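Taken together, the values in this text are just the output of simple stated rules run on the coordinates, not laboratory data. Everything quoted here is computed from the prediction, not taken from an experiment. Cβ sites come from the backbone with ideal geometry, for glycine too, and all protein chains shown count toward neighbours.
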């Protein structure tokens, strides 16, 4: 047996080996994190005064930077354990003053159904006898509505005694909230089943219940009843678990929530909104607004009469956001059917507008054209920056006798390659670079662009009628070559498979005609950029 002893900072071992103890620090901050965790976890409230007397560094826990980092925004789940912790934090003499925002997850697992949820859901296999997907201890179970309201009253009463203002909010995904560890497997099961599509959405909806309005309304009422002024609202609807946004119940929840914001919170407030979820058949769906930068991002959304009727929640969201200042609007991977342009596009406070890969549904290429939308943008008097890239026209096609036909008012024309002609692309240059207008007189220059694009659209219709077919997918100035081949990388060929050298299929030799076109283009560009 080896005997050791500690003498004057040195270990005395068998033999002549002496090992120096370097950086010996008996203070708490000098101990490994594992030891610190063991001490703090096993020390009760009565032990902390003694610990602080013996170690001055323990006082570093109760300082302003630490409190701001950990307590300014509190996110909790609807369990007794989590909400009681929030009550204790807001009642604390030191930490309570730093609580500025209270957010509660709307995630409410239905315990009885979750208990008997499929054992082999997704890649998560569990023994037959263990069918619980969450910690079923009473303190981790979801509270009743009465218990939830009672805890909220205590929370905001504590805040009202210290501070007279607070921001409130809700989130869907519980992970990241205090007390959400017991829901980890529950959330994994739902998201895994959605990613792999092994189970139908109705199974998932019966397993979880996202009560948005039923969560937000008690929070709002408790804050108002306590006398706290609601300064801001934060809403986060994120993740795979809400990818079935077309579900009627969830759409109804969002409509009710936004109506509550518009009607009940009449005073202007700070709003942070994030609606973000993955879709299997379309790009990432995103609707986000940040009050600090007055920036709105829209992605993967379809605007118009049909979409509004199908999912009214979007109208409620945008109606609510019209009450807030928007200076920057970024739109990408979106569709507009032209029946009703979102009023958000023409917000009078807009200073910067960016559109990338935006498609206009043009029917038979006779309505909702880009020239019309650009005309709408020309009325934005405060606009200082306009950027357009990947502007598309989508149109209807008919299939007869295994052939696709492009229909105009003048007749039907064969679309030899329907994949390439299912949409037209507005080409404002010979490259794929964004078309940017910035500086002075941006609205006037957009109006000039709208006039030019209208002529390009008329030329496209005339060209199809003259040649009796769709020769390329670009809407461009006469004589201009598009930015290159289509996105599929297929050369522009007619039905016979012969490569077209230009729009007419014959190499152009009229130098005077080409010169006039070039002079016209140069004059137009100089007019746009003269004041840059």
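For the pair residue 231 and residue 440 in one chain, pulling the backbone fully straight at 0.36 nm per residue adds 71.6 nm over the alpha carbon distance.
In this calculation the C-beta distance from residue 85 to residue 293 is compared with R0 = 35 Å, giving a FRET efficiency of 0.60. Taking packing as the residue-averaged number of other Cβ atoms within 10 angstrom, the listed peptides 145-156, 171-182, 341-352 run from highest to lowest as 171-182, 145-156, 341-352.
Each of 370, 335 has some number of other Cβ atoms within 10 Å of its Cβ, and from fewest to most they run 335, 370.
Assuming R0 = 22 Å, can you tell me the calculated FRET efficiency for the pair residue 429 and residue 458, based on Cβ-Cβ distance, to the nearest 0.05?
Numbers: r = 20 Å, r/R0 = 0.90.
Working from the Cβ atoms, E equals 0.65.
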